[in-house]
Amino acid sequence: MQEQIDVLLVDDHLLVRYGLKSMLERLDGFSCVAEAESGRQGICLARDHQPDVVVLDIDLGKGMNGFDVAEEIRDVSPHSKILMLTGNPKPQLFQTAIQAGCDGYVLKVDSDQEFILALETVAGGGKYLSKSFTADVFSLLQQGGDSEGQAAEHLLTPRENSIAHLLCKGLTDEDIGRELCISPKTVRVHKSNIKRKFHCRTTNELILKLTGLDFG
């Protein structure tokens, strides 16, 4: 592993960022290159600093959630590893984090030692899941009893899910772009990916299939 790990912190709580930054500054081999209080700011800082690891909260208050932010960081800083740090212990969120491209998932109740281990693991190219609920996630994956609609929805990233739901409401590419604060061109790229995943050639065919799976 490289000598120094550059870390970007994205959390809407000042005290959380302060605590994480203070811990990193006391450790050899870690550097907090920037911190953001919102998803949009985090995306801009990731683009500017190209950090080795982005530590990202799921609930960022108003605006974008951590899953959407993770997807966009993948675009602006492809080499950055993303470590989701959350206070929400629901194991179902881990599946969504994986779909969004996250490399690690730890809880805010975990120890400093586990957080550091997670940082080192994802920075080195590995994957990390909090020991706090590994068994819960394993049980969830073992169940495998999703309905067809739930299974299909798991194929999509969080952003694609949002677009699929808006398509079923009859919104145009321009309307969806305004709703999600992205360009119509970006909407069309996501829509093309959704068509591919559902083996549809036209938008009408896609909407019919999505409606049948209760995406509306």
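A short reminder: the numbers here are calculations on the coordinates, not readings from a lab. Note that the structure is predicted; figures quoted are calculated from it, not measured. Cβ: placed from backbone, ideal geometry, glycine included. Neighbour counts: every protein chain shown.
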Roughly how tilted is helix 66-76, in degrees to the nearest 10 and between 0 and 90, from the longest Cα axis of the chain?
90 degrees
Difference of contour (0.36 nm per residue) and Cα-Cα distance, Gln113 to Lys185:
21.6 nm
Theoretical FRET efficiency, 1/(1+(r/R0)^6), r = Cβ-Cβ of Asp48 and Thr211, R0 41 Å, to 0.05
0.50
For Thr172 and Asn88, extending 7 Å from Cα along the Cα-Cβ vector and measuring point to point gives, in nm, a value of 3.3 nm
Any trypsin sites (Lys or Arg not before Pro) in the range 17-82 that lie in a DSSP loop and have at most 12 other Cβ atoms within 10 Å would be Arg26, Lys62
Between 0 and 90 degrees, rounded to the nearest ten: what's the tilt of helix 14-25 against the longest Cα principal axis of the chain?
50 degrees
Given the Cα atoms of the chain, and with Rh set as the inverse mean 1/r over their pairs in the Kirkwood sense, what is Rg to Rh to two decimals?
1.00
Estimated FRET transfer efficiency (Leu14, Ser132; beta-carbon r; R0 22 Å; 0.05):
0.35
Rounded to one decimal in nm, the spacing of the 7 Å Cα→Cβ label points at Ser192 and Glu37 is 3.9 nm
Helix 158-168: inclination vs the chain longest Cα principal axis, degrees, rounded to 10, gives 20 degrees
